[in-house]
Amino acid sequence: MVHGLPNSPRILIIKLSSLGDVIHAMPTVNALYRELKPSCIHWVAQPEYHELISCCPNIQRTIPFYRRSFFVDLNPWLKALRSEAYDLVIDLQGIFKSSLNALVSRATRRVGPARSREGARMLYHDTVQAGDVRRHAVDLNLDVLDYLGLERGVARFDMQLPPADLDAPAPRVGIAPFSRHAYKNWPQDDFRRVASRLQDQYNATIIFVGSRDDAPACEAMRGALGSSTINMAGRTSLVELASLLGDLDVLISNDSGPMHIASAVGTPVVGLFTGTDPCCYGPYGDRHRVLSALDGDDISVQSVATATGEILARG
């Protein structure tokens, strides 16, 4: 037994959203599977993330939390959460609605993060105490391994993805020019100017990625850049996006979902941070280049082009 758990425990993970947060939880899932050899690991998340979560080979089932139609889908939600007698539920979100999922599951043991809010702490049996909170979200999630007396090991994302079959000449430079919040966004025209410079200097193929809402602006930039430019914004599912990002040589991105997916699938990132802390939310790992206004970095067209060129030179 490990920290009071039975052999091959039944585990429920709760991470409802958002895209980057879901990606950041995957190394914890994989570490728990490696260390505990559970009989099952299930995951509660909003339905739009289930396809991507299913690419995590150690997840046997995803359970939907219908944020927008909670009362309509109340009975199926209750049934799904109570269909398994979980030995351990780990809430990696730490807000009221995620802790409610933990409570409703009737798991033997409910654990949440010390940084929980909205009264979530009252619905846990225990919380995972963290030391320095100014650490990457991946590492904060892995604190639960310490709590359980297990080895963290090396953080691994290990998503199993279909091939992208991207038919485009190298070097292939992805650009994710938008995030969900305007304060995170580097100026759109600067993205276009960097793309133009990379086409001139490296004969790069520029590939825009993003949501359906981003597609018109990305198409306008594609039109201004002319040939050797592809607009994939709004044209992929999350799994297709992950496969596509895995075929790139580098991604230039704001703090956004595509940035976190790219780092998870092993694509180096030039991360541009205008309003969030890259220490906590940057691309995970040491293959990336981060430019942060919070740290006094010069996020200029020249500095971004130079950082991208340095990554391309590594091959």
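None of the figures in this text is laboratory data; all of them are computed from the coordinates on show. Source: prediction; values computed, not measured. Positions of Cβ are backbone-derived with ideal geometry, glycine not excepted, and every protein chain shown enters the neighbour counts.
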Checked against the positive end of the charge dipole of the chain (+1 on Cβ of Lys and Arg, -1 on Cβ of Asp and Glu, about the Cα centre), the farthest of MET232, ALA120, ASN254 is ALA120
At the level of C-alpha centres, the distance separating segment 238-282 and segment 80-137, in angstrom, is 27
So, for the Cα atoms of segment 45-152, Rg and Dmax in Å stand at 14.3, 42
Computed about the Cα centre, the charge dipole of the chain from +1 Lys/Arg and -1 Asp/Glu charges at the Cβ has a magnitude in debye, to the nearest 20, of 920
Per the charge dipole of segment 10-147 (beta-carbon charges, Lys/Arg positive, Asp/Glu negative, Cα centre), the residue among SER18, SER39, SER99 reaching farthest to the positive end is SER99
Close lysine pairs (the chain; alpha-carbon distance under 24 Å; 8 or more apart or on separate chains) counted at 5
The convex hull of the Cα atoms of segment 211-253, divided by residue count, gives a volume in Å³ per residue of 81
For the chain, whose charge dipole is built from +1 on Lys and Arg Cβ atoms and -1 on Asp and Glu Cβ atoms, the candidate among ALA176, PHE157, ALA215 with its Cα farthest towards the positive end is PHE157
Expressed in angstrom and ordered largest first, the alpha-carbon extents of the chain along the principal axes are 60, 40, 33
Computed over the Cα atoms of segment 172-314, the Rg and Dmax in Å are 13.4, 37
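Please report, in debye to the nearest 20, how large the charge dipole of segment 172-314 is about its Cα centre when each Lys and Arg carries +1 at its beta carbon and each Asp and Glu carries -1 there.
300
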The size of the Cβ-based charge dipole (Lys, Arg +1; Asp, Glu -1) of segment 81-223 about the Cα centre, to the nearest 20 debye, is 420
Those trypsin sites (Lys or Arg not before Pro) from segment 164-270 that are DSSP loop and have at most 16 other Cβ neighbours within 10 Å turn out to be ARG180, ARG212, ARG235
